[in-house]
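The values are calculated or read from the model by the stated rules, or taken from the named source; none is laboratory data. Quick caveat, the model's predicted, so the values are computed rather than measured. Every residue, glycine among them, receives a Cβ derived from its backbone with ideal geometry; neighbour counts consider all protein chains shown.
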Amino acid sequence: MIFTTTNGIEGREVERYIGIVFGDAVVGVNVFKDLLTGLRDIVGGRSGTYERELGAARDTALTNLTARAHALGADAVLGIDFDYEVLGSRNGMLMVSASGTAVLLKPPSGAGVGTGGAGGGASGPWSRQGG
């Protein structure tokens with residue numbers, strides 16, 4: 001599965017637009033994390049705890065988006081966008097929503113063995129091999 005925030009993939013053509021897919025994650029932050037983060041806000045610095053929670057929520061949202069795109073037969077998701085919202089009566093929850101357009105790509109012209117088209121495919125924390 002190829003993911004991109006752009007509306008296309010260099011060297012690849014879209015064969016069929018399947019539809020919009022979403023993935024969401026809602027995480028709550030507990031009182032102790034809030035207290036430690038509040039102290040860090042007073043003295044300055046970054047909150048590693050919140051950064052880890054945010055990263056985990058983003059990963060979950062992208063995993064959910066991937067599952068939906070795969071279930072529809074997509075091999076790529078274009079135009080991915082992440083949105084963040086604070087929820088709850090005391091703003092104690094964070095929602096991360098990922099959305100994009102699921103597509104089926106035409107096979108790369110003159111492609112040998114391998115995936116990803118021009119450039120050899122995606123790499124990094126958001127790449128998913130197989131699928």
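Filtered by the rule that a residue be under 10 Å from the mean Cα position of the chain (by Cα) and farther than 20 Å from N7 by Cα, the range 64-88 gives a lone residue, N64. For the range 58-78, check the following and say yes or no: at least one residue is touching a Leu at 6+ places or on another chain (Cβ under 9 Å), at pLDDT 75 or above and part of a strand (DSSP E or B). Taking every residue of the range 58-78 in turn, at least one turns out to be touching a Leu at 6+ places or on another chain (Cβ under 9 Å), at pLDDT 75 or above and part of a strand (DSSP E or B).
Could you check the range 83-105 and list, in sequence order, the residues that are over 19 Å from I18 (Cα atoms), of a type outside the set (V, I, T) and surrounded by fewer than 16 Cβ atoms within 10 Å (Cβ to Cβ)? D83, Y84, E85, L87, G88, S89, R90, N91, G92, M93 - these are the residues of the range 83-105 that are over 19 Å from I18 (Cα atoms), of a type outside the set (V, I, T) and surrounded by fewer than 16 Cβ atoms within 10 Å (Cβ to Cβ).
Scanning the range 31-41 finds no residues that are part of a strand (DSSP E or B) and modelled with pLDDT under 95.
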